[in-house]
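Engineer: I have a structure here, written as structure tokens, and I will follow up with some questions on it.
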């Protein structure tokens with residue numbers, strides 16, 4: 001169950017960062033995983049799938065990089081920006097003047 005707590009802590013940071021950036025979808029989450037850490041990537045992926053359901057990070061790819069030491073740290077997120085609003089101005093053939 002410790003993996004669930006780690007995944008939830010990472011998700012909280014990811015969701016907060018996505019909100020700061022004003023994005024609604026996170027495509028990938030990059031995590032530093034300590035070489036001395038006993039947590040497996042598979043267990044963290046499973047926990048991530050559970051805790052991220054229904055959030056902006058649902059279905060986000062988890063990318064692990066092994067680093068010296070132990071613990072799990074958020075390194076970066078890849079986001080998908082929402083498409084810009086379409087131009088609302090009328091074009092010349094939408095009933096212009098004259």
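Engineer: Any idea how far apart residue 13 and residue 66 come out in nm if each label point goes 7 Å out from Cα toward Cβ?
Structural biologist: Label-label distance for residue 13 and residue 66, simple model: 2.1 nm.
Engineer: Go ahead and run the numbers for FRET between residue 46 and residue 24, Cβ-Cβ distance against an R0 of 22 Å, rounding to 0.05.
Structural biologist: 0.35
Engineer: Taking the C-alpha atoms of the range 2-80, how large are the radius of gyration and the largest Cα-Cα span, Dmax, in Å?
Structural biologist: Cα only, the range 2-80: 11.7, 35 Å (Rg, Dmax).
Read the figures in this text as sums done on the coordinates, not as results from a lab. Everything quoted here is computed from the prediction, not taken from an experiment. Reconstructed Cβ throughout: ideal geometry from the backbone, glycine too, with neighbour counts over all protein chains shown.
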